[in-house]
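A.B. asks: Once you've had a glance at the structure underneath, I'll fire off some questions.
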Amino acid sequence: MTMARLASVAPRIGLLLAAVSLAACSVLPTSGPSSREIKAGAAVGIRVIDVDDTVTRQLQERRSQLLFSDVFPGAPASDQIVQPGDVLDISVWEAPPTVLFSSGSGSASLTQRDSVSGSGTTSNVTTLPQQMVDAGGTIYVPFAGPIAVAGKTLPQIEAEITRQLARKANRPQVLARLAANNTAYVTIVGEVANSTRMSLTPRGEHLLDALAAAGGTRQAIGKITLQLTRGSTVHSLPLDTIIRDPRQNIALQPGDVVTALYQPLSFTALGATGKNDEVNFEAKGISLAQALARAGALLESRSNAEGVFIFRLESPAVAGTTTAASPAEQTPVIYHIDFKDPRALFLVQTFPMENKDVLYVANAPAAQLQKFLNLLVSTIYPIQGAVTLTK
């Protein structure tokens with residue numbers, strides 16, 4: 001090819017390269033939208049929030065959980081309350097000379113001696129057969145008849161039986177004992193070694209006692225959330241928080257259900273980070289700084305330090321929108337952090353990550369330019385080679 005011919009072809013080659021460059025801008029491979037394209041999302045109804053001290057403070061306040069000590073105040077009564085289904089042992093003491101209860105196999109004689117005179121006083125004790133409190137909340141005591149015991153403590157039951165026998169037996173004294181506690185218990189289920197039902201005693205068992213009775217958790221402490229159900233109230237708290245704060249190891253009440261939940265929280269790292277992956281984190285939560293570290297930080301060769309984003313679904317109240325069909329419907333929100341601002345290094349230490357967040361780092365404009373130049377070079381070299389061969 002002569003120089004004149006090459007000169008005449010050169011403008012066409014230039015036009016071709018220009019066309020290639022224009023087309024390349026739209027077809028170059030990329031890991032996601034650019035920072036400019038994300039910020040343009042506000043035009044289509046997606047709120048983009050620039051993170052500052054006020055935003056992080058609001059998120060921290062919203063994230064702060066109510067504690068068990070706030071949701072379940074007060075401690076249960078120390079006395080055991082008898083309910084239908086419990087089994088009672090009743091023993092009756094009578095003073096001589098006459099006894100109301102026969103001295104059969106369930107009876108015995110006891111002698112109490114005076115330490116000064118040496119004389120003794122003999123009394124007869126009768127242990128009645130064990131009885132389960134019936135559906136009506138009563139038991140039967142000979143010579144006293146049906147005794148209402150449901151909802152009463154053991155001392156109250158003893159006093160009532162003594163009162164009923166006072167005019168029939170000689171100086172009666174009564175001892176009531178809970179032989180089988182079938183109603184005052186808590187249930188422990190979930191990610192524990194052995195799901196079980198633990199009876200409560202006047203000592204007052206607590207949350208961690210219930211976990212110990214179930215053989216402990218099957219997963220790491222940092223990944224377990226404890227859920228306590230009491231009546232219609234249900235509340236959860238990370239197990240790590242309960243261990244670190246003794247006030248949250250609250251006393252249990254009859255009917256409580258303790259559930260150990262293994263709920264691995266995670267976020268997804270995409271874009272110009274050292275690792276694109278789903279990353280698990282602890283139930284107590286992590287900050288954005290920790291999330292970036294676990295994702296391999298920003299890639300210096302590709303990342304746009306001004307384009308760090310967290311994609312999250314928020315409630316309409318948090319998102320500041322009123323377009324949701326119902327209060328329960330979630331709205332997409334994008335949080336933006338500019339890492340070229342030195343203050344960002346303080347903000348990311350308090351910005352809380354949430355479950356299912358997407359952490360995205362946009363590519364720097366220069367990275368896209370580098371891709372185009374590589375494409376341009378790979379296009380020019382074959383053309384230059386072809387021109388050289390035609391000479």
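The values are calculated or read from the model by the stated rules, or taken from the named source; none is laboratory data. Predicted model only: the values in this text are computed from it and were never measured. Note that each Cβ is placed from the backbone with ideal geometry, even for glycine, and that neighbours are counted across all protein chains shown.
A.B. asks: Of all residues being among the β-branched types (Val, Ile, Thr) and modelled with pLDDT of 90 or more in region 169-193, which is nearest to VAL125 (Cα to Cα)? Just the residue, please.
C.D. replies: Looking at the filtered set, the residue picked out is VAL174.
A.B. asks: Still on this structure: When you look at ARG230, is it in contact (Cβ under 8 Å) with a residue 12 or more places away in the chain and among the charged types (D, E, K, R), yes or no?
C.D. replies: The answer is yes for ARG230.
A.B. asks: Pick from PHE68, PHE72: which is surrounded by 16 or more Cβ atoms within 10 Å (Cβ to Cβ), under 30 Å from LEU288 (Cα atoms) and modelled with pLDDT of 75 or more?
C.D. replies: PHE68
A.B. asks: Still on this structure, I have one more. Just give me the residues in region 213-268 being β-branched (Val, Ile, Thr) and over 27 Å from GLN80 (Cα atoms), in sequence order.
C.D. replies: THR217, ILE221, ILE224, THR225, THR241, ILE243, THR268
A.B. asks: Quick one: which of ALA166, ALA176, ALA159, ALA180 is under 13 Å from ASP86 (Cβ atoms) and either acidic (Asp, Glu) or surrounded by fewer than 20 Cβ atoms within 10 Å (Cβ to Cβ) (or both)?
C.D. replies: ALA180
A.B. asks: I'd like to check something: does region 321-340 contain any residue that is surrounded by 15 or more Cβ atoms within 10 Å (Cβ to Cβ), modelled with pLDDT under 90, outside any loop (DSSP other than H, G, I, E, B) and of a type outside the set (Lys, Arg)?
C.D. replies: yes
A.B. asks: Does GLY137 satisfy the criteria of being modelled with pLDDT under 90, farther than 15 Å from PRO172 by Cβ and of a type outside the set (D, E, K, R)?
C.D. replies: So GLY137 fails the test.
A.B. asks: Out of ILE310, ILE250, which single residue is in the same structural domain as MET353 (by TED's automatic domain parsing) and in contact with a helix residue (DSSP H, G or I) (Cβ under 9 Å, 6 or more places away or on another chain)?
C.D. replies: Only one candidate qualifies: ILE310.
A.B. asks: Considering every residue within region 288-306, establish whether at least one is without any contact (Cβ under 8 Å) to a residue 60 or more places away in the chain and polar (S, T, N, Q).
C.D. replies: no
A.B. asks: Now, a different point. So which of ALA214, ALA220, ALA269, ALA193 is aliphatic (A, V, I, L, M), farther than 25 Å from ASP70 by Cα and more than 19 Å from the chain's Cα centre (by Cα)?
C.D. replies: Criteria check complete, one pass: ALA269.
A.B. asks: Right, another one. What pairs can you find where one residue is in region 186-206 and within 18 Å of THR229 (Cβ to Cβ), the other is of a type in the set (D, E, K, R) and part of a strand (DSSP E or B), and their Cβ atoms are less than 9 Å apart, with a gap of 6+ or different chains?
C.D. replies: What qualifies is VAL186/ARG197; THR187/ARG197; ILE188/ARG197.
A.B. asks: Taking region 283-310, which residues are more than 30 Å from the chain's Cα centre (by Cα) and among the hydroxyl-bearing types (Ser, Thr, Tyr)?
C.D. replies: Within region 283-310, SER301, SER303 qualify.
A.B. asks: Answer with yes or no whether VAL318 is at pLDDT below 90, in contact with a strand residue (DSSP E or B) (Cβ under 8 Å, 6 or more places away or on another chain) and part of a helix (DSSP H, G or I).
C.D. replies: In short, yes.
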